[in-house]
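Notes follow once the structure below has been shown.
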Amino acid sequence: MKKYYYDLHIHSCLSPCGDDDNTPNNIAGMASLCELDIVALTDHNSCKNCPAFFEAAESHGLVPVAGMELTTSEDIHVVCLFERLDDAMRFDEYVEKHSIKIKNNPDIFGKQSVLDKNDDLVSEVEHLLINATDISISTVKDLVENYGGICYPAHIDRDSNGVIAVLGTLPQDTPFDFYELHNSSSIDPYSSAYGIAVDRFIISSDSHYLTDFRDKDVYIELDENEDSNQVRSSLFKYLRRHNE
């Protein structure tokens, strides 16, 4: 077994609240400097920068994961991760059809840039990506699994867009196997308050700026392998183990 240091919640310049410097190559470079092993790109309601990120990550020796931070109809943020890039892009197409189409104002919310593997501009997403979708918190887990992915509520220890902040508590019948925390110091109090086993927490930075990146700290122990596809496969086996 090997310790793989991870961050499974990173935003690029595609997210309107993400800094323009958060290009796929800059993200990969910063993650490498922070000595991370596995990194997920999780833009708001979109996976469109994941293809470029995959190429950038591989060039830096990182294991890339394609993801999305989905906003449910209740305005709850959910991290969605996919083992296969093409599954993520199929899910991206689905979410785009279930998003509220309000034109983005870059002067207010920021640009939403889709880049290629060289960080050159491909396009700008016109509709605002931080809006809620029509996908509910009660259906999102089954939906994501139908696309070959896994998902869990994002930053439940924060005051905005977390499932606890929005609903006031964590529902007893919640279907999720994991929950994201923004800070590792939240593990014990949230485990005690909501009866969540310590090994059910994922700690990630929710980085929107390169300065938000954290040096290697949290890790998952997986079978050691030099091939990024096999490491990613081991990661998803770990994330799916409670369904087996």
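The values are calculated or read from the model by the stated rules, or taken from the named source; none is laboratory data. Computed from a predicted model, the values in this text were never measured in an experiment. All Cβ positions, glycine included, derive from the backbone under ideal geometry; neighbour counts span all protein chains shown.
Numbers for the structure displayed
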read-out: Test: residue in region 69-86 that is acidic (Asp, Glu), closer than 24 Å to Lys141 by Cβ and in a helix (DSSP H, G or I); value: yes
read-out: Those strands (runs of 3 or more DSSP E) lying entirely in region 145-244 with at least 3 residues of a type outside the set (Ser, Thr, Tyr); value: 149-153, 201-203, 219-222
read-out: Residues located in region 83-105, provided they are in contact (Cβ under 8 Å) with a residue 24 or more places away in the chain and either of a type in the set (A, V, I, L, M, F, W, C) or under 13 Å from Lys48 (Cβ atoms) (or both); value: Leu85, Ala88, Met89, Arg90, Phe91, Asp92, Val95, Glu96, Ser99, Ile100, Ile102
read-out: Leu210 surrounded by 15 or more Cβ atoms within 10 Å (Cβ to Cβ), closer than 17 Å to Leu81 by Cα and hydrophobic (A, V, I, L, M, F, W, C); value: no
read-out: Long-range neighbours under 9 Å by Cβ, at least six apart or interchain, first residue closer than 16 Å to Tyr238 by Cβ within region 139-153, second at pLDDT below 95 and assigned to a helix (DSSP H, G or I); value: Glu145/Asn243; Ile150/Asn243
read-out: Criterion violated by Asp21 - all others in (1) touching a helix residue (DSSP H, G or I) at 6+ places or on another chain (Cβ under 6 Å); (2) of a type in the set (Asp, Glu); (3) under 21 Å from Phe178 (Cα atoms) satisfied; value: (3)
read-out: Meets criteria (modelled with pLDDT of 95 or more and touching a Lys or Arg at 6+ places or on another chain (Cβ under 7 Å)) for Asp92; value: yes
read-out: Residue within region 161-174 that is of a type in the set (D, E, K, R) and under 19 Å from the mean Cα position of the chain (by Cα) present; value: no
read-out: Subset of region 46-71 [among the aromatic types (Phe, Trp, Tyr) and closer than 13 Å to Leu14 by Cα]; value: Phe53
read-out: Selection from region 1-59 of residues that are out of contact with any Phe, Trp or Tyr (no Cβ under 7 Å at 6 or more places or on another chain), aliphatic (A, V, I, L, M) and assigned to a loop (DSSP other than H, G, I, E, B); value: Met1, Leu14
read-out: Flag if Leu8 is surrounded by fewer than 21 Cβ atoms within 10 Å (Cβ to Cβ) and under 18 Å from Lys216 (Cα atoms); value: no
read-out: Complete set of residues in region 102-129 that are aliphatic (A, V, I, L, M) and in contact with a helix residue (DSSP H, G or I) (Cβ under 7 Å, 6 or more places away or on another chain); value: Leu115, Leu128
read-out: Subset of region 65-76 (residues that are in contact with a Leu (Cβ under 7 Å, 6 or more places away or on another chain) and in contact (Cβ under 8 Å) with a residue 40 or more places away in the chain); value: Val65, Gly67
read-out: Considering residues of region 158-175 that are within 24 Å of Phe236 (Cα to Cα) and surrounded by fewer than 19 Cβ atoms within 10 Å (Cβ to Cβ) only, the residue modelled with the highest pLDDT; value: Pro175
read-out: Residues that are in a loop (DSSP other than H, G, I, E, B), basic (Lys, Arg) and loosely packed, with under 11 Cβ neighbours inside 10 Å, drawn from region 97-128; value: Lys101
